[in-house]
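Report on the following structure.
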Amino acid sequence: MALLITEECINCGACEPECPNTAIYEGGEEWSWSDGTELSEVELEDGSVTPGDEQQEPVSDSFFYIVSGKCTECVGFHEEPQCAAVCPVDCCVPDPDYEETNDELSEKQQWLHAS
């Protein structure tokens, strides 16, 4: 499952540089699928296609956030999620809305970084 950052976030930013998928952004910052990935375009859940570099609305305006579609819990890179490992207030937690198996996370990692 993807991770999320809870409201307890103190906006220290320790998590952001640790994410190998560039799935973590500062509150209020727009994001794109292509940030830190090989994605030139993405088919969304509704079947529409968006350019990978198209800027998306922030998930949170108040604190750092994780884009669930880009989070692989560091599968394919590290033994454990690095954001959770460095968070001083333990606010990087599993997102119950995005449960995924290790195989699914591995497939997502390969999709994000296919060359």
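Every number here is computed from the coordinates shown, using simple stated rules; none is lab data. The structure displayed is predicted, hence computed values, not measured ones. No Cβ is skipped: glycine too gets one built from the backbone with ideal geometry, and neighbour counts run over all protein chains shown.
Computed on the chain, with alpha-carbon pairs under 8 angstrom and 6+ residues apart, the relative contact order is 39 percent. Taking amide H as placed 1.01 Å from N in the peptide plane, residue 33 has its amide H under 5 Å from the amide H of 54, each at least 5 places away in sequence or on another chain.
All other residues whose Cβ lies under 14 angstrom from that of residue 88 are scored, Lys and Arg at +1 and Asp and Glu at -1, for a net of -4. Placing a pseudo-label 7 Å from each Cα along the Cα-to-Cβ vector at residue 77 and residue 102 gives an inter-label distance of 1.9 nm.
Its Cα gyration tensor gives the chain an equivalent ellipsoid. The semi-axes, each the square root of 5 times an eigenvalue, are 21, 17, 12 Å from largest down.
Of the GluC sites (Glu not before Pro) found in segment 35-115, those in coil by DSSP whose Cβ has at most 16 other Cβ atoms within 10 Å are 38, 45, 54, 79, 99. With θ taken as phi - 60° and the Karplus curve 6.51 cos²θ - 1.76 cosθ + 1.60 applied, the whole-hertz 3J(HN,Hα) list for segment 23-37 is 9, 10, 9, 6, x, x, 7, 5, 9, 9, 5, 7, 4, x, 10 Hz, x standing for glycine and proline. In this structure the amide hydrogen of residue 4, modeled in the peptide plane, comes within under 5 Å of the amide hydrogens of 93, 95, none closer than 5 places in sequence on its chain. Here the Karplus relation 6.51 cos²θ - 1.76 cosθ + 1.60, evaluated at θ = phi - 60°, turns the backbone of segment 83-94 into coupling constants of 4, 5, 5, 9, 5, x, 10, 6, 9, 9, 10, x Hz, with x for every Gly and Pro. Taking the C-alpha atoms only, the angle from helix 102-112 to the longest principal axis of the chain is near 60 degrees.
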